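Visitor: One structure coming up, written as structure tokens, with questions to follow.
Taken together, the values in this text are just the output of simple stated rules run on the coordinates, not laboratory data. For clarity, every value in this text was computed on a predicted model and none was experimentally measured. Note: ideal-geometry Cβ built from the backbone for every residue, glycine included; neighbour counts use all protein chains shown.
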Amino acid sequence: MKLTTLLCFFLLLTSISQAQEKDKYGRPPLVPGIAELKIGDQVPDILINNIVNNDKRSIRTADYKDKLLVLDFWERSCGTCIASMPKLDSLQGVFGDRIKLLSVTWESEEVITKFFKTNRYLNEHTPPVHRASAVGDRILRSYFRYESNPHVVWIYKGKVVAITGYDYINKDNIQTLLDGKSVAWPLKNDSFDPMYPLMQLNGLSTEVMDSPYYGYSVLTGLSNSMGIGLGGIHFKQDSVRNISRLALFNYDLTSAYQVLLSATHPLLTNEDFANYGFNRGYIPHPARVVLEVKDPTRFHNDRQEDQAIWNSKNLICYEMEKHGVVDKMVLAKSAVQDVNNRLGLYGRYEKRKVNCLVFIKTDKPVTDTLQQGKGGMSLPALAMMRLDMTQKFPPAVDETGLGFDIILNLLPDDGTIAGLKKEMQRHGLDLIEAEREIEVLVISDTPVN
């Protein structure tokens with residue numbers, strides 16, 4: 001009995017110890033005893049080692065006491081980080097040895113080396129983009145603490161001069177610092193709590209929340225105290241205060257409608273997900289979004305304008321509170337109507353005829369099948385996550401009616417429809433291009449009566 005008790009106690013301690021080795025994002029813990037550096041602080045001489053894709057395996061911050069050192073914290077799960085890498089390489093080439101743009105990640109050298117060898121997007125460039133990256137980092141993250149990526153630290157002449165998101169890394173901003181000019185860029189603030197109301201009532205008037213008429217909505221522009229497109233919709237049903245809340249932060253208009261309208265749908269079946277539910281947390285295929293507006297530049301940056309400037313003009317934050325515990329779908333529908341009224345727009349789902357890639361079943365037996373959830377890939381997931389997100393093919397529609405997963409190569413190696421068709425035929429299925437009526441997101445200007 002005593003032996004069993006001791007063994008259980010040992011296992012408990014082991015599990016607690018292992019849990020403490022990583023934070024909620026799966027990252028190793030900060031190094032104890034290192035004080036966080038803030039804007040205006042002098043940076044000590046830090047040894048940065050384990051650098052891959054660089055002419056030196058290690059550098060020291062003191063090596064850049066008369067130069068600009070930019071630390072770009074990233075990880076493989078951050079699509080924005082990866083998408084910005086070609087731009088970082090280009091800027092490094094423009095400014096040469098006057099600056100050092102160093103990517104930094106907590107992930108291991110083995111994992112990152114494999115990533116750079118196999119990432120299709122980075123290897124499509126000529127030459128392939130293999131960013132200089134400090135790997136297995138704990139030291140720099142302890143000096144410059146962050147929650148979300150990308151996280152960019154600007155160090156000029158040995159002093160922290162700015163901490164921003166990725167969109168501030170551009171030619172003009174780099175030149176501004178090299179010219180010795182001071183900057184007052186907004187601080188990237190990772191301590192923002194998305195569940196905290198944007199509006200605060202005076203403590204003496206909180207009794208108004210008891211009224212069935214209670215409710216408000218707030219629409220603002222970009223907030224630099226939080227990330228871009230932070231975490232989808234934040235719902236809160238508070239039975240203690242008897243209120244319900246919906247909020248989203250720093251979204252472009254198309255994405256704002258995307259996430260709000262997706263919340264007005266009931267839970268989708270796999271078939272619905274592939275054929276109609278394009279925006280359940282994914283970037284919509286361009287053919288699934290229809291803009292019937294006079295000024296499309298409000299909805300997407302045509303790259304004629306610096307991204308940070310465009311964001312400041314066009315990103316929105318939105319919050320709605322209502323009396324009572326309101327169903328999330330009902331609250332989302334109210335929010336869509338409210339945003340339409342405030343912006344002079346009409347966002348909705350409609351079914352439109354679109355040229356599509358259609359997965360079909362043939363008279364041949366389907367091969368390499370597995371029960372759903374047993375390790376294969378369902379066609380709806382393939383169609384949505386792997387095809388639509390590449391935006392290289394027409395929207396994908398599943399008409400196979402399969403109730404199981406199949407073992408698939410997720411994308412054709414040659415990157416063509418012919419290659420994907422061949423993969424389908426290998427399983428007794430096929431792929432055709434045909435017009436189908438699918439659900440699309442439509443945003444129109446509200447007609448003036």
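Visitor: Using a cut-off of under 13 Å, list every residue of the stretch 314-346 whose amide N is near the label point 7 Å from the Cα of Y214 along the Cα-to-beta-carbon line.
Guide: Counting backbone N atoms under 13 Å from the label point, the list is 321-326.
Visitor: Return the distance in nm (one decimal) between the two label points of a simple spin-label model at T390 and R76, each offset 7 Å from Cα along Cα→Cβ.
Guide: 2.0
Visitor: Assuming R0 = 25 Å, what is the FRET efficiency of A434 and Y121, from their Cβ-Cβ distance, to the nearest 0.05?
Guide: 0.30
Visitor: Same structure, new question: In nm, give the distance between the simple-model label positions of E36 and D338, each being 7 Å from the Cα along the Cα-to-Cβ direction.
Guide: Placing both labels 7 Å beyond Cα along the Cβ direction yields 3.1 nm.
Visitor: Ok, one more. Using packing as a proxy for protection, rank 319-331, 143-155 so that the peptide with the highest average count of other Cβ atoms within 10 Å comes first.
Guide: The packing order, highest mean first, is 143-155, 319-331.
Visitor: Then there's this: With charges set only on the Cβ (+1 for Lys and Arg, -1 for Asp and Glu), what does the dipole of the stretch 286-360 come to about its Cα centre, in debye to the nearest 20?
Guide: Result for the stretch 286-360 is approximately 360 debye, rounded to the nearest 20.
Visitor: Put +1 on the Cβ of every Lys and Arg and -1 on every Asp and Glu Cβ in the stretch 98-202; which of F115, L140, Y166 then has its Cα farthest towards the positive end of the dipole?
Guide: L140
Visitor: Give me the number: length gained by fully extending E292 to I360, i.e. 0.36 nm times residue separation minus the C-alpha to C-alpha distance, one decimal in nm.
Guide: Residue separation times 0.36 nm, minus the Cα-Cα distance, leaves 21.3 nm.
Visitor: Shifting gears a bit: Can you compute the FRET efficiency between T176 and N301 using 1/(1 + (r/R0)^6), with r the Cβ-Cβ distance and R0 = 25 Å? Round to the nearest 0.05.
Guide: FRET efficiency, T176 to N301: 0.75.
Visitor: Compute the distance in nm between two label points, each set 7 Å from the Cα along the Cα-to-Cβ direction, one at K353 and one at R60.
Guide: According to this spin-label approximation, the distance is 7.2 nm.
Visitor: I've got another one for you. Using a 7 Å offset from Cα along Cα-Cβ at D97, what residues in the stretch 54-73 end up with backbone N under 19 Å from the label point?
Guide: Counting backbone N atoms under 19 Å from the label point, the list is 54-70.
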